[in-house]
1. Kindly indicate which of E44, E34 is of a type in the set (D, E, K, R), at pLDDT 95 or above and either loosely packed, with under 13 Cβ neighbours inside 10 Å or part of a helix (DSSP H, G or I) (or both).
2. Give the residues of segment 271-281 that are farther than 13 Å from F238 by Cα and surrounded by 18 or more Cβ atoms within 10 Å (Cβ to Cβ), sorted by residue number.
3. Quick check on A28: is it of a type outside the set (K, R), touching an Asp or Glu at 6+ places or on another chain (Cβ under 8 Å), outside any loop (DSSP other than H, G, I, E, B) and within 26 Å of L112 (Cα to Cα)?
4. Looking at V208, V170, V192, can you tell me which residue is part of a helix (DSSP H, G or I) and either out of contact with any Ser or Thr (no Cβ under 7 Å at 6 or more places or on another chain) or aromatic (F, W, Y) (or both)?
5. Take segment 1-52 and flag every residue that is among the acidic types (D, E) and in contact (Cβ under 8 Å) with a residue 40 or more places away in the chain.
6. Say we look at segment 114-124 and pick out the residues that are in contact (Cβ under 8 Å) with a residue 24 or more places away in the chain and more than 18 Å from the chain's Cα centre (by Cα); which of these is nearest to E34 (Cα to Cα)?
7. Over 28 Å from E129 (Cα atoms), in contact with a Lys or Arg (Cβ under 9 Å, 6 or more places away or on another chain) and either of a type outside the set (S, T, N, Q) or outside the structural domain of R137 (by TED's automatic domain parsing) (or both) - does that describe any residue in segment 87-110?
8. Which numbered condition in (1) outside any helix (DSSP H, G or I); (2) free of Cβ contacts under 8 Å to residues at least 40 places away in the same chain; (3) not β-branched (V, I, T) is the only one that K178 fails?
Amino acid sequence: MKLDFGNHYQELLSEIKQEFEEGRIQVARALNAELINRYFVVGEKIVQRQKKYGWGKSVVEQLSKDLQAEFPRRSGFSARNLWDMRRFYSQYAPHKKLRQVVAEIPWGHNLLILNKTTDIEEAAFYIRESARNGWSRNVLMNFIKADSYSAALKEGKQHNFSTTLPVQLVEQAEETLKSEYSLEFLGLAEPVRERELENKMIEHIRDVLLALGYGFAYMGNQYKIKLGKNEYYIDLLFYHRHLQCMIAVELKAGKFEPAHAAQLNYYLEILDDTIRQPHENPSIGILLCAEKDHLEVEYALRVSNKPIGVAEYSLTRNLPKTLKKVLPEADELKALLR
C-alpha cells in the first residue's frame, strides 16, 4: 500500500529527482569534456611526432593496430578515428576560444561539423549553436542541410536570447527582432543626433510601430526608471502583446560600443525589478545603432545576463550594388548638368 503524504511530499520527491537528474547531466558533460580534450591531445601528439620525425600515413595505421591490441575491450582506436583526432587538432589548435566550446558537444557532433563544413567560421557557428541549444545530432544535421549558417549571415540578426530567455520565448523573440530597421520615413539624413532621431520617431510613432512589426504597443519615450535616489531614462519603451513583456529601445547615432550593451543591461535589471508585473515575461532590450561590428557585438552580448538584440537602422534606402556600378559619381553628374 502506497502512503499518501500530500502535495508537499510530491514536491519533495520532484526536487530530489531533479537533483539526481542534474547530477547525471553534469557527470555526462564532464566525461564528454574529458574525452574531447583527450582526443585533442592525441591528435596533437600525432601531428607533432609526424612533423618531428618525418613519419608518413603508415604510423597512424600502426598506432591503430597496437592500441586495439593493448585495449581489446575499448572502442575508438580505429585508424579512421585516429585520423579524425588528427584533423580535429589541426582544425581547432589555432583557435583557443573555440577549443573550449568544442568540449561542450559530443564527439559525434564534432565529427559531423568537421565533415560537413568548409571553413572555420561556419564550423564555429554550428559548434556554438549546438552547445547553446542542446541540439541532437539529427537536429544538427538538419540545420547543416538547411545551410543555417548562410541564412544567419544573410539575416544578420545578433542577440543573446537563447541564453537569457525561457526556451518557449526564444524563437518568438528572435522573429520579433530584425537585422536592420529602415527609418527613411523620418526624412532625416546623416549625420543625425540621437535626440533628433528620437523626436522624429515620436512624431512618426505610427510608422515606427509598423517598422518594428506586429504586436508592439507604445508606452513612452524618455521613460523614467528609478533606483534609490538615482533616475535613468529609457529612450523608447514598448510593450509586446504576444511576448507579454516590455521592450526597451535605446538609440545610438554612431557605431555600436560594448558600453551601450552594458548600459542597456543595467536598465533592464531595474526595469524588471521595479516596473515589470509578476505575470509578465523578462523585459527585452533592442539597441538601434548606425553601424556595428559583428564580432564586437557577439563578445559584448556574451557577458550580458539580460536578453538584448543589436540591430542597425538606415535613414535612406541604399542603392543595389548593380545600380551603383552604372550610375555616375556625384562629380560626374554635376559636370553633366553643367
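The values are calculated or read from the model by the stated rules, or taken from the named source; none is laboratory data. As the structure is a prediction and not an experimental result, all values here were calculated from the model. Glycine gets a Cβ as well: all are built from the backbone with ideal geometry, and neighbour counts include every protein chain shown.
1. Details: E34 fails: at pLDDT 95 or above.
Checking each option against the conditions leaves just E44.
2. Of segment 271-281, the ones farther than 13 Å from F238 by Cα are 272-274, 277-281.
Of everything in segment 271-281, just one residue is farther than 13 Å from F238 by Cα and surrounded by 18 or more Cβ atoms within 10 Å (Cβ to Cβ), namely N281.
3. Answer is no for this residue.
4. V208
5. Step one: filter segment 1-52 for residues among the acidic types (D, E), giving 4, 11, 15, 19, 21-22, 34, 44.
Selection gives E44 alone.
6. Step by step, filter segment 114-124, then rank; the result is L114.
7. no
8. (2)
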